[in-house]
Amino acid sequence: MNWKIFGRESTANSSQQQRSFGFLLRFVILLVAFYFIVAWKPINDHVIVPFTTGIAAVSGTALRAIGEPAVVAGTEIKSGTFGVNIENGCNGVETALLLAAAVLAFPAGWRQRLVGFLLGFAAIQVLNLIRVVSLVWIGRHRPALFDSSHTVIWQSAVVLFGVLLFLFWASRQTRRPATSPEEKAGR
Amino acid sequence: MLDRGAVIRLVAGFLLALGFWFLFSGTYEAAVAPAAEVLIRLGESPAMTRLEAPGKEFLLKRADFPPGAKQPGLPSPDLHFNFVLLAALFALHRRPWRTDRVVKLLLAMLCLYAVHVVFLVFEVESLYSTRFGDWSAAHYGRFARNFWAGGFHFYQIAGRFAAPFAIWWLFGRDDPVQASEQVRGPRKRKKRRSP
């Protein structure tokens, strides 16, 4: 056995494990911190609720564009006899929190983090808009399918999309060639 | 890690997991409820709580509820649908059926089971501490109310989505650098041409 190589591999593995645990620890700490910020009443009342109201308004416009008689009041959307209230957990903020925590926990430059998060946030909101519009449509036309679509299918799909966005972004960070003189020198 | 095949595997894994979840969620709930019940009763003197899983909800039965009183039901899919996320993430791997991957998936599922049991305890205690008026105020202080209700709210907003990701990161993820090298194949050294 080549002890020198074995030693080098085991050192590389353990440093890889340390980085992995480090990422996970930072991710959990950031997620809890972001949760406290979002759950804090002034932030919830002055940022999250108006943002959710905006989602409801845009969704109402999209629903009317496809011929649904949607009426929006605050965070509530009514279409015919069916109505939904967009609450926390349905506004894409939870997936955005995950993305923000993961992007910040991952070793990358601040500019890459900012661009990654902003593009990811926009993409998540587009998918969430499709989710809200489709759920209102399902609730009105296929009410038997609403519960499973709402709880399991769409929630999982939006979160998986957020995770995929993060993995795509993270893989681009690891593939980026060394550009700075220090990186080129392998320091 | 994220080639077109990976996305197809993720979607296929998601659909398979969804089918599995719809078929076996009732059986799974029957395994989560007793474990949570044991933990809740550990903190009670005398032990009063009984949890049943008749399907789609956890029924909370207390021995000291008045006869004929309505038994609170806690919706169960919200607690454990994140199994679908975990299984879909494991399907990202190029060969998810390999024995070592299946073992890792089983270990990850065991971790997620522990998460479900713990947060079912949080859900029940959150109900006890905030929804029973004077009884809640008499049995739970301000810190306890915030601890149980805040813990369960964290799970609802962020934890239930973060748990499968964190568990997958720990057990099932390929290192992004290694994975990208697997996709590209081993590097070949360019031969130097003599001038």
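Counting every Cα pair in chain B, what percent are over 32 Å apart? All intermediate terms of the calculation are to be shown ahead of the outcome.
Values: 6091 of 18915 pairs.
Summing the P(r) of chain B above 32 Å gives 32 percent of all pairs.
Mind listing the long-range amide H neighbours of B:R50? Cut-off is under 5 Å, sequence gap 5 or more, other chains count too, H placed in the peptide plane at 1.01 Å from N.
B:K61, B:R62, B:A63
Could you work out how far helix A:93-105 tilts from the main Cα principal axis of chain A, as a 0 to 90 degree angle to the nearest 10?
10 degrees
To the nearest 10 degrees, how steep is helix B:4-42 against the longest Cα principal axis of chain B, on a 0 to 90 scale?
Compared with the principal axis, the helix lies near 30 degrees.
Among B:F20, B:F119, B:F161, which one moves the most in a GNM of chain B with springs linking Cα atoms closer than 10 Å?
With Cα springs under 10 Å in chain B, the top fluctuation among B:F20, B:F119, B:F161 is at B:F20.
Taking chain A on its own, what percent of its Cα-Cα pair distances exceed 28 Å? All intermediate terms of the calculation are to be shown ahead of the outcome.
Working: 7036 of 17391 pairs.
The answer is 40 percent, as a whole percent.
Whose amide H sits under 5 Å from the amide H of B:E57, counting only residues 5 or more places off or on another chain, with H placed in the peptide plane?
Answer set, sorted by chain and number: B:S76.
Longer than 32 Å from Cα to Cα, which of B:K61/B:K104; A:K78/B:K61; B:K56/B:K104 are they? Say none if no pair is. Spell out each step's value before the answer.
Values: B:K61/B:K104 36 Å; A:K78/B:K61 37 Å; B:K56/B:K104 28 Å.
Pairs exceeding the cut-off: B:K61/B:K104; A:K78/B:K61.
Picking from A:G22, A:G60, A:G116, which is most flexible by a Gaussian network model of chain A using Cα springs under 10 Å?
Ranking A:G22, A:G60, A:G116 by mean-square fluctuation puts A:G22 first.
Could you give me the ³J(HN,Hα) list for the range A:143-158, computed from phi with Karplus coefficients 6.51, -1.76, 1.60 and θ = phi - 60°, whole Hz, x at Gly and Pro?
Rounded to whole hertz, the list is x, 5, 8, 5, 4, 5, 5, 6, 6, 9, 5, 6, 4, 5, 4, 5.
Please calculate how many Å² of accessible area the range B:4-175 carries per residue, with a 1.4 Å probe and no DNA, RNA or ligand atoms counted.
Values: 8530 Å² over 172 residues.
Per-residue value: 50 Å².
Mind checking the angle between helix A:49-65 and chain A's longest principal axis? C-alpha axes, 0 to 90 degrees, to the nearest 10.
Relative to chain A, helix A:49-65 is tipped by roughly 60 degrees.
Taking the range A:33-76 on its own, what percent of its Cα-Cα pair distances exceed 13 Å? Could the numbers behind the result be given before it?
Details: 550 of 946 pairs.
In whole percent, the share of Cα-Cα pairs in the range A:33-76 beyond 13 Å is 58.
Please express the shape of the protein assembly as shown as an equivalent ellipsoid: the semi-axes are the square roots of 5 times the eigenvalues of the C-alpha gyration tensor, given largest first in whole angstrom.
Numbers: eigenvalues 323, 152, 87 Å².
For the protein assembly as shown, the semi-axes come out at 40, 28, 21 Å.
The values are calculated or read from the model by the stated rules, or taken from the named source; none is laboratory data. Quick caveat: nothing in here was measured; it's all calculated off a predicted structure. Accessible surface is based on the protein model in full, side chains and every heavy atom, while ligands, DNA and RNA are left aside. Shrake-Rupley method; radii C 1.70, N 1.55, O 1.52, S 1.80 Å.
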